[in-house]
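Taken together, the values in this text are just the output of simple stated rules run on the coordinates, not laboratory data. Just so we're clear, the structure is a prediction, and the values are computed from it rather than from any experiment. For neighbour counting, all protein chains shown are included, and Cβ atoms are generated from backbone atoms with ideal geometry for every residue, glycine included.
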Amino acid sequence: MDTAKSKKTSSLGGQFRFPGTPHTVHRIGYGAMQLTGPGVWGPPRDPEGAIAVLREAVDAGVNHIDTSDFYGPHVTNEIIRKALYPYPAELVIVTKLGAKRPEDGSWRPAGSPQDLTEGVHDNLRNLGLEALDIVNYRAMGTVHGPAEGSIGEQVSVLAELQKQGLIRHIGVSNVTAAQLAEAQAIAEIVCVQNNYNLANRGDDAFIEDLAAQGIPYVPFFPLGGFTPLQSSTLSDVAARLGSTPMQVALAWLLHRSPNILLIPGTSSLEHLRENLAAGQLALSTAVLAELDEIAAEAGAAAH
């Protein structure tokens, strides 16, 4: 490995491989959702700024981009194509299916065979690809997280599209351990993407199980998402380390388990640089123990 590539690997949290694939990615990637307008709807206010963020991310070594054609809808994929096509050979674009955005801007489940097939073709067209690297089926669940229920039909549709050569690999999102097991009986599952952060640690045991299987876990909402995490402990630790709360929260995730891959999103170059710098933030055993208390505080506050 050349020196420049080695430096990028270490600064971006190390590397992890999607199992059963040729794809090894840096553990800090990029999530494209915030490249849209407000409410993940319509174009961004600054399209050229969005393109600049994507290009700087890839120049910095990011080789894992998370997107979906229902962001916008169609907006993020069109921006990704404009910014990065033809894509670098090492870049892995992961997209997701399972929702659609009607004209009223709402989020509707889209899990029928027709919906999923159309979604794959939308992603292919707007990204300018002949096959999608990895496609996650996102189970809708509830506002609080995954809900039990069969996802077998949806994963079977993706497996058929995989046989047709339109999808190379399959992942799942917003799922339980039982739903993962159901999906694995149908196809090899190369990643799981769920809601997880310092305050929301319901997937702790799930992460350990996935690590034992060599499967990446990709947390969304690393700082709480639409209801941002409020924690004086996090703010205090960040102030002591000369970092931002977001950097500390991302660094904690990198320390939490080696199979965790990060996809923080932003439309700001300044925030992109801050997010990428989290890979160089060392957290002592004492600081990690302090941060671990945040989940207990959040649980107590909820009751």
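Count Lys and Arg as plus one, Asp and Glu as minus one, and take only other residues whose Cβ is under 13 Å from that of residue 112; the net charge is then -1. For a quick check: sort 138, 108, 101 by the number of other beta carbons within 10 angstrom, fewest at the front. Placing the least packed residue first, the sequence is 108, 101, 138. Can you tally the lysine pairs in the chain where the Cα-Cα distance is under 30 Å and the two residues are eight or more apart, or on different chains? Here the count comes out as 10.
Rounded, prolate or oblate, given the Cα gyration tensor of segment 205-303, with a/c below 1.5 counting as rounded? Rounded.
Put in order of Cβ neighbour count within 10 Å, fewest first, the listed residues 121, 74, 169, 23 become 121, 74, 23, 169. As a rough footprinting exposure proxy, the listed residues 235, 267 were ranked by other beta carbons within 10 Å of their own, and the order from fewest upward is 235, 267. Taking every C-alpha pair closer than 8 Å and separated by at least 6 residues, the mean separation divided by the residue count of segment 147-303 gives a relative contact order of 20 percent. Annotation: amide H of residue 23 within the under-5 Å range of 18, sequence separation 5 or more or interchain, hydrogens built in the peptide plane. Rounded, prolate or oblate: which fits segment 75-231, taking a ≥ b ≥ c as square roots of the Cα gyration tensor eigenvalues, rounded meaning a/c under 1.5, else prolate when a/b beats b/c? In terms of gyration-tensor shape, rounded. With θ taken as phi - 60° and the Karplus curve 6.51 cos²θ - 1.76 cosθ + 1.60 applied, the whole-hertz 3J(HN,Hα) list for segment 131-141 is 8, 8, 4, 9, 10, 8, 8, 9, 6, 5, x Hz, x standing for glycine and proline. Take every DSSP beta bridge whose two residues both sit in the chain; close to 20 percent of them are antiparallel. Under a 5 Å amide H cut-off, with hydrogens placed 1.01 Å from N, residue 194 pairs with 174, 218, 220 among residues at least 5 apart or on other chains.
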